[in-house]
Each structure stands twice: as C-alpha cells, then as structure tokens.
C-alpha cells in the first residue's frame, strides 16, 4: 500500500463536521437538531464573544442550532436553562470536551 492512499482528502476532513443530529432537551422534553461547530464557527464565536462564557453559549446556539433555526434576538430570549442545555449538547457533539459555561452558572440558573 502506498503512502498516498493513507493521506486524508479534503472531503474526508470536511465531511466529519457536517453531521446533524437530533438531541433531546430534557428541560423541555422536546428534540432539536444541532450540528457540530466547525473551526470557522469557533473562530467567529471567539472573535465576538471575547471570552465571555454566556456569549460563547449564545453564539454556539446561533451558529449550530439547525432546527428550529433561531435568529440572534430569539436566541437571546431563550430560558437560561434551555440555552445552557442546548449549548452543552453542541459542545459535546463538537468534541470540545468542556461545557461552554461554568457549572457555577448552570447551578445558579437552576
């Protein structure tokens, strides 16, 4: 087998980020469809969120919530518990390995 066949193609790298999944939002007992955050999404989010945990969560939802698709004013109207649950699911799907918002905030909003 040649080394060339072991190299990933651009399509192999990009296809990994296009997955959309339905997840149950327990606080609503309803499902939503989310997608993985891409490196471009994360770069955009970090540019506008400026390390503010809540803003990271808001922008993750805006960028990665597929259905229902919400514009930014609607995202900002979400109940904090629902928003944090959606942001956590997106974070988990994207393999970010941490919640976008600290557990202290999550417990305070419960």
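Here are some notes:
- Exposure proxy ranking, count of Cβ atoms within 10 Å, fewest first, for 28, 60, 70, 65: 28, 70, 65, 60
- For a label point 7 Å along the Cα-to-beta-carbon line of residue 23, residues of segment 72-86 with backbone N under 18 Å: 75-76, 78-86
- Estimated FRET transfer efficiency when R0 is 22 angstrom, pair residue 30-residue 92 (beta carbons, to 0.05): 0.80
- Using 0.36 nm per residue and subtracting the Cα-Cα separation, the extra length available between residue 46 and residue 66 on full extension is 5.2 nm.
Since every read-out is calculated from the coordinates, none of them should be taken as a lab result. This is a predicted model, so every value here is computed, not measured. Don't worry about glycine lacking a Cβ; one is built from the backbone with ideal geometry, like all the others, and counts go over all protein chains shown.
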